[in-house]
């Protein structure tokens, strides 16, 4: 098998794994991005208290 073909097959397999993982998540990519933005903002202003308080506020 050619080196370039083997590289392409590895790339496709990795993409398939990423797609399957993303589909298994409990929320969409956009919702996760919103959560992470919310957490970044909240933690910058309030700091971390070691709980899931900010995540629960978002949900």
Tally of residues being within 27 Å of residue 54 (Cα to Cα) and assigned to a helix (DSSP H, G or I) across region 19-34: 10
Quick check on residue 14: is it surrounded by 10 or more Cβ atoms within 10 Å (Cβ to Cβ) and out of contact with any helix residue (DSSP H, G or I) (no Cβ under 8 Å at 6 or more places or on another chain)? yes
When residues of region 42-59 are limited to those that are touching a helix residue (DSSP H, G or I) at 6+ places or on another chain (Cβ under 9 Å) and not in a helix (DSSP H, G or I), the one nearest to residue 31 (Cα to Cα): 59
State whether the residues of region 2-9 include one that is exposed (fewer than 10 other Cβ atoms within 10 Å of the Cβ), touching a helix residue (DSSP H, G or I) at 6+ places or on another chain (Cβ under 7 Å), without any contact (Cβ under 8 Å) to a residue 40 or more places away in the chain and part of a helix (DSSP H, G or I). no
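Residue by residue through region 24-35, note down the ones that are within 18 Å of residue 59 (Cα to Cα) and loosely packed, with under 10 Cβ neighbours inside 10 Å. Even if it seems obvious, please write down each step before you answer.
Within region 24-35, the first condition is being within 18 Å of residue 59 (Cα to Cα), and the residues that meet it are 25-35.
Across region 24-35, the qualifying residues are 26, 29, 30.
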Criterion (closer than 27 Å to residue 59 by Cβ and either touching a strand residue (DSSP E or B) at 6+ places or on another chain (Cβ under 7 Å) or surrounded by 11 or more Cβ atoms within 10 Å (Cβ to Cβ) (or both)) met by exactly one of 21, 38: 38
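Rule-based calculations on the coordinates, nothing more; no lab input. Just so it is clear, the structure is predicted and the values come from calculations on it, not from any experiment. All Cβ positions, glycine included, derive from the backbone under ideal geometry; neighbour counts span all protein chains shown.
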